[in-house]
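Heads up, the thing below is written out as structure tokens.
Bear in mind these aren't lab numbers, they're just calculated from the coordinates by the rules spelled out. Computed from a predicted structure; not experimentally measured. Here Cβ is always computed from backbone atoms with ideal geometry, including for glycine, and neighbour counts include all displayed protein chains.
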Amino acid sequence: MLMLRTLRRAAFRALKTSGLSSAVAGSAWRRSRLLILCYHSISIADEYQWRPLLYMSQSELAARFQLIKDSGATVLPLTDALQGLYAGTLPEKSVAITFDDGAYNFYYSAYPIVRDFGFPVTVYQTTYHADFQKPIFNLACSYMLWKRRETTLIGSEALGISGNKDLSSEANRQSVVNSLIAYSAKNGLNGMAKDELAQQLAQILGFDYEAFCAARLLHLMSPVEIAELSGRGVDFQLHTHRHRTPRNEELFRKEIRDNRRRLEEITGHPATHFCYPSGIYYAEFLPWLAAEGVASATTCEASLASSKTNALVLPRFVDTIAKSALEFESWLDGTGSLLARHPASRDINYE
């Protein structure tokens, strides 16, 4: 993996120094294509050390935005970008910026950067945890276990955890999270009951759950915060109500309807664009989305979108701290897409 990464960076460097990157950036090929950037979370504290493929620091996001500005790329609102894409009227090096989930860290850490650069952005917002202001259960459990990674967790029948677990092992920590999720499902725990389970885990670990909740590291934005940012020009769009996509038409469409109803109540604006949670989608989802009047849907598959791209399976470049500045620049000019293997990125699941 390290060798492959080194070779890729060497290729990006060679393209840049040879002038080919500039040629691609100014080509009709790049002009007819849209780069949709995807970000997940911007750290409030040390979350980027816990999940580096999900989080980046505030300074890293600012550095990325500076690269966008310096590159001469045109950052467009998502709706305008898609209209231009399919009408063939995009400006040079068109980019749309999206953030998934609508975590509180967007409000606290990302929005100040967005505001300073003046870039239009879209937030794909889930809504259940916007109203239920508690930490996301499985992420909270994972984070607490990581914070106590130098200890051993004593098994607890009350939590559905069998045997002692050495928390220095990531595999062991994940097995504990899996056990807690399975225990919750088996016992039909609702959101409040799962939060109580997380509190019990915190007590066993000697973790200050009250301070953790006060910091809102793993909360979503509240309706008040969403409304505030919507009023400041942030575009909020669909991401399902509970961050899940059942493979049952009635349940799937209910997720969209519940999400849309709550978003439109909060923002007063129509929500017609959608992002698949964790980038996971199946063919049957497309007609269901169309039936719900969804105009576009984004994935986590790395590529540039063209006028031939199905609007319900739009690709995005998922930016993380694992990507170098050179690789990021290559996606702005288009050479990154030419060299990409275009794998699907399936990152997290909330439930």
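Grab the beta carbon distance between Q133 and Q203, set R0 = 22 Å, and tell me the FRET efficiency rounded to 0.05.
After rounding, the FRET efficiency stands at 0.60.
Using DSSP, restrict attention to beta bridges with both residues in the chain and report what percent are antiparallel, rounded to the nearest 5.
Bridges in the chain are about 20 percent antiparallel.
Grab the beta carbon distance between Y282 and L20, set R0 = 56 Å, and tell me the FRET efficiency rounded to 0.05.
The pair Y282/L20 has a calculated efficiency of 0.90.
Taking only the alpha-carbon atoms of the chain, what semi-axes of the equivalent ellipsoid follow from 5 times the gyration tensor eigenvalues under a square root, in whole Å, largest first?
35, 24, 19
Modelling each spin label as a point 7 Å along the Cα-to-Cβ direction, I'd like the K308/D166 distance in nm, to one decimal.
It works out to 5.4 nm between the two label points.
If you add up the charges near A202, with Lys and Arg at +1 and Asp and Glu at -1, over every other residue whose beta carbon is less than 11 angstrom from its beta carbon, what do you get?
-2
Please compute the modelled spin-label separation between A211 and D70, points set 7 Å along Cα→Cβ, answer in nm with one decimal.
It works out to 3.8 nm between the two label points.
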